[in-house]
Amino acid sequence: MVKNLILAINPGSTSTKLAIFSGEKMLEVENVSHKPEELSKFKNIYDQKDMRISVVEKWLKSKIDPKDIVAIVGRGGLLRPMPGGTYEVSDQMIEDLKIGYQGDHASNLGGIIAKELSQKFDVPAYIVDPVSVDEMDDLARFSGTPLIKRRSLVHALNIKAVCRKVCDKINKNVKDSSFVIAHLGGGISVVPMKNGKIIDCSNAIQQGPFSPERAGCIPNGDFAKLCYSGKYTYDEMKKNLIGRGGLVAYLGTNDAREVDKMIEDGNEEAKLVFHAMAYQIAKEIGAMATVLKGKVDRIVLTGGLAYDPYLVEWIKEMVSFIAPMEIVPGENEMLALAQGALRVINGEEKAKVYEDEVQLE
């Protein structure tokens, strides 16, 4: 029987992904789906907590003895702006996850579930590099109007893990590195990383390139007119930006594989739209290279779309003059969670205290 195990929990909108690690070796992994009719019973995300905990406990019983777990790590949610790192789940963090401090999303349940199970098993509970990681320079916070401040909401978990991975590959110290990293998924984050910190970002929800289902940064004057045209409700406009934007709006799908097939079947509109998305990603990479004053060790493409040959080649054509490129496809979020907990367990890092790192009202 393998002991000293880490349980990683990653709640998504329609599933809960679970994995058991011994060190960095994944022993078990499961993506437990939740039926829409099951989820519809709950008024909000937090109300799903007990249901999801029971799913985790049932799965664990069939896999391991919970006594062999030494730590539980959950996906970080939409917390207060905070530096990157591994955090022990605290009471204030739980309260902020319950209310969805920066938004209501299933990932908010990661720390909550980890904490409840950790109390049952008498082990520590952690989160690692949540989407609310904020290490932006002050200059990057200006939007152009004091009515709105630029926020950092970014695919920090995968981006930080990929940064470490590329540094290992090129024999570079993270604290002496300079990358532009583009996480290409359902949402797209493009960031300049200096010495391991995300010093600016294209907020994957509201800014940057359009993505498979998000509109990205759009002409604001025309958008304001649409908002007051009387044609759309507030909720409809939100959907047009997130959920029905991007590839979905232009081509009716958020699946790049379907778009590839359209292109291979001779669909010129599909090719133009997909090329336009690559064009916008490349432009954003160029913009973030200027933040680093052109001193870029590597441009890194990661996320699910980094598997797509059309997209990768189009981006390469535009940005390879800036710096050498590394392609690290996929997300590897479960491993990134386990690695964050391991760094604390092995004494490589000290777990951060949420209340010490964030601004409390």
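Sorted by packing (mean other beta-carbon atoms within 10 Å per residue), highest first, where do 204-217, 137-150 land?
Numbers: 204-217: 21.9, 137-150: 10.2.
My ranking of the peptides, most packed first, is 204-217, 137-150.
Counting each DSSP H run of 4 or more residues in the chain as -39500 (n - 2.57), what helix-only mean residue ellipticity at 222 nm follows after dividing by all residues, to the nearest 500 deg cm²/dmol?
On the way: 13 runs with 136 residues, N = 361.
About -11000 deg cm²/dmol.
For region 38-113, what is the charge dipole size about the Cα centre, in debye to the nearest 20, if Lys and Arg each add +1 at the Cβ and Asp and Glu each add -1 at the Cβ? Please list the in-between numbers first.
Working: 11 positive and 11 negative charges, 50 e Å.
It works out to roughly 240 debye.
Note down the relative contact order for region 92-172 as a percent, whole number, built from C-alpha pairs under 8 angstrom at least six residues apart. It would help to have the intermediate numbers written out before the result.
On the way: 55 pairs, mean separation 16.6, N = 81.
Across region 92-172, relative contact order equals 21 percent.
Rounded, prolate or oblate, given the Cα gyration tensor of region 222-307, with a/c below 1.5 counting as rounded? Don't skip to the end; give the middle numbers.
Details: a/c = 2.46, a/b = 1.26, b/c = 1.95.
Oblate.
To the nearest 20 Debye, how big is the dipole of the chain about its Cα centre, given +1 on the beta carbon of each Lys and Arg and -1 on that of each Asp and Glu? Each step should come with its number before you reach the end.
Working: 46 positive and 50 negative charges, 54 e Å.
The dipole magnitude comes to about 260 debye.
If each Cα of region 156-327 is one equal point scatterer, what is log10 of I(q)/I(0) from the Debye formula at q = 0.18, 0.20 Å⁻¹?
-1.09, -1.25
Apply the a/c threshold of 1.5 to the C-alpha gyration tensor of region 3-126 and tell me whether it is rounded, prolate or oblate. Mind dumping the intermediate values first?
Working: a/c = 1.83, a/b = 1.19, b/c = 1.54.
It comes out oblate by the Cα gyration axes.
Please report the base-10 log of the normalised intensity I(q)/I(0) for region 169-263, using a Debye sum with one equal scatterer per alpha carbon and no solvent, at each q in 0.21 (1/Å).
The calculated log intensity ratios at q = 0.21 Å⁻¹ are -1.00.
For region 87-188, rounded, prolate or oblate, judged on the Cα gyration tensor with a ≥ b ≥ c (square roots of eigenvalues), a/c < 1.5 rounded, else prolate if a/b > b/c? Kindly include the intermediate steps, with their values, before the conclusion.
On the way: a/c = 2.25, a/b = 1.22, b/c = 1.84.
It is oblate, given that a/c is not under 1.5 and a/b is not larger than b/c.
Given contacts defined as C-alpha pairs under 8 Å and at least six residues apart, what's the relative contact order of the chain, whole-number percent? Can you show the working numbers first?
On the way: 711 pairs, mean separation 62.5, N = 361.
Dividing the mean separation by the residue count of the chain yields 17 percent.
In whole percent, what relative contact order does region 214-333 give with Cα contacts below 8 Å and a gap of six or more residues? Write out the running numbers ahead of the final one.
Working: 109 pairs, mean separation 24.7, N = 120.
Once divided by the residue count of region 214-333, the mean separation gives 21 percent.
Can you list, bin by bin at 5 Å, the percent of alpha carbon pairs in region 9-62, starting at 0?
Calculated over all Cα pairs of region 9-62, the distribution is 4, 18, 30, 21, 14, 8, 4, 1 percent.
Per q in 0.07, 0.12, 0.15 1/Å, what log10 I(q)/I(0) does a Debye calculation on the alpha-carbon atoms of the chain return?
For the chain, the Cα-only Debye profile gives -0.31, -0.94, -1.41.
Among Ala125, Val154, His183, whose Cα lies farthest out toward the positive end of the dipole of region 92-189, if unit charges sit on the beta carbon of Lys, Arg (+1) and Asp, Glu (-1)?
Going by the Cα projections, it comes out as His183.
Each reported figure results from applying straightforward, stated rules to the coordinates on display, with no laboratory input. As the structure is a computational prediction, the values presented were derived from the model and not from experiment. Note that each Cβ is placed from the backbone with ideal geometry, even for glycine, and that neighbours are counted across all protein chains shown.
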